[in-house]
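For reference, the structure discussed in these notes is given below.
Read-outs throughout are calculated quantities, based only on the coordinates presented, and are distinct from any laboratory measurement. The model shown is predicted, which means the values in this text are computed figures rather than measured ones. In this analysis, Cβ positions are derived from the backbone assuming ideal geometry, glycine residues included, and neighbour counts consider all displayed protein chains.
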Amino acid sequence: MKSKLINACVCFGLLGSGLALAGDKEAMIASAESAGPLVVTANATIKAPDGTVLRKGSNSYTCYPQQDIIGPMCNEAAWDTLISSMLNKKSFKSDKFSVSYMLAGEGSALGVSNSDPYATEPDKSDDWVKEGPHLMIVVPDVAMLEGLSTDPNDPVYVMWKDTPYAHIMVKVAADK
């Protein structure tokens, strides 16, 4: 029961929390913009954690501010689908390469298990990671992940291997 309660809190947190930024539109926009390069963020749609559009964009990216359980991120549509599928424990398969930028790292977020997308407690996981600035890449064929490391100490590795949400993590810099 405790695990189900924690999972529900995590899901609601990802969809609805926003740190102290929640009431400050400009702070949320600045936080969201910190996730990606200017070439991406200048024309990205910016959404609050609850999905409210803070700024309409004209490119294929949607950026989100820092939240309690995840750092700021800028996603192509496939990433929003992956996250929604994961939260709802549904299957996911991308038909193309897709990038998510997390150039501000995890910020004050807790981090995640490298192997279990549903893990919520770092002290009960032997592979908990909290990354600094990084990119995440979804590939259209999981066979493309074969031979890549799953070791989060490596600069490039696979997160959540053997799940529908497997993706490549690419470290851009060390966490500050």
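In debye, nearest 20: dipole of region 104-164 around its Cα centre with unit charges on the Cβ of K, R (+) and D, E (-)?
160 debye
For region 2-171, what proportion of DSSP beta bridges, expressed in % and rounded to the nearest 5, is antiparallel?
Just about 90 percent of them are antiparallel.
Along region 152-165, what does the Karplus equation 6.51 cos²θ - 1.76 cosθ + 1.60 (θ = phi - 60°) give for ³J(HN,Hα), rounded to whole Hz, x for Gly and Pro?
Going residue by residue, I get x, 7, 7, x, 10, 7, 9, 9, 6, 4, 6, 10, x, 9 Hz, with x marking Gly and Pro.
Below 8 Å, C-alpha to C-alpha, sequence gap of six or more: please give me the relative contact order for region 48-150 in percent.
Computed value for region 48-150: 25 percent relative contact order.
For a quick check: with amide H placed at 1.01 Å from N, whose amide H comes under 5 Å from S113's, ignoring anything fewer than 5 positions away on the same chain?
Amide H neighbours of S113: A119, V129.
Once you have the Cα-Cα distance between F97 and D116, take 0.36 nm times their residue separation minus that, and quote the gain in nm to one decimal.
The F97-D116 span can extend by a further 4.6 nm.
Of L145, V53, V40, which is farthest along the charge dipole of the chain in the positive direction, counting Lys and Arg as +1 and Asp and Glu as -1 at C-beta?
V53
Helix-derived [θ] at 222 nm for the chain: sum -39500 (n - 2.57) over DSSP H runs of at least 4, divide by residue count, nearest 500?
Value at 222 nm, helices only, nearest 500: -6500 deg cm²/dmol.
Determine, from the Cβ-Cβ distance of L87 and T163 and an R0 of 22 Å, the FRET efficiency 1/(1 + (r/R0)^6), rounded to the nearest 0.05.
Calculated transfer efficiency: 0.95.
Among the listed pairs K90/K161; K96/K161; K25/K130; K25/K96; K130/K161; K25/K171, which have their C-alpha atoms separated by more than 24 angstrom in this model?
Correct reply: K25/K130; K25/K96; K25/K171.
Would you grab the residues whose amide H sits under 5 Å from the one on Q66? Only those 5+ places off in sequence or on another chain, please, with H modelled 1.01 Å from N.
Excluding prolines and chain starts, which carry no amide H, the hits are A32.
Given a Förster distance of 35 angstrom, what is the FRET efficiency for V39 paired with K124, based on the Cβ-Cβ distance and rounded to 0.05?
Working: r = 40 Å, r/R0 = 1.14.
FRET efficiency, V39 to K124: 0.30.
Kindly provide the pair-distance distribution of region 52-176 built from C-alpha pairs, with 5 Å bins from 0 and whole-percent values in order of increasing distance.
Values per bin, smallest distances first: 2, 11, 20, 26, 23, 13, 4, 1, 0.
Compute, for the chain, the length of the dipole vector about the Cα centre, with Cβ point charges of +1 (Lys, Arg) and -1 (Asp, Glu) only. Units Debye, rounded to 20.
520 debye
What FRET efficiency would be calculated for the residue pair L148, A173, taking the C-beta separation as r and a Förster radius of 22 Å, to the nearest 0.05?
It comes to 0.65.
Positive end of the charge dipole of the chain (Lys, Arg +1 and Asp, Glu -1 on Cβ, about the Cα centre): tell me which of S85, P117, P72 has its Cα farthest that way.
Ranked along the dipole, the leading option is S85.
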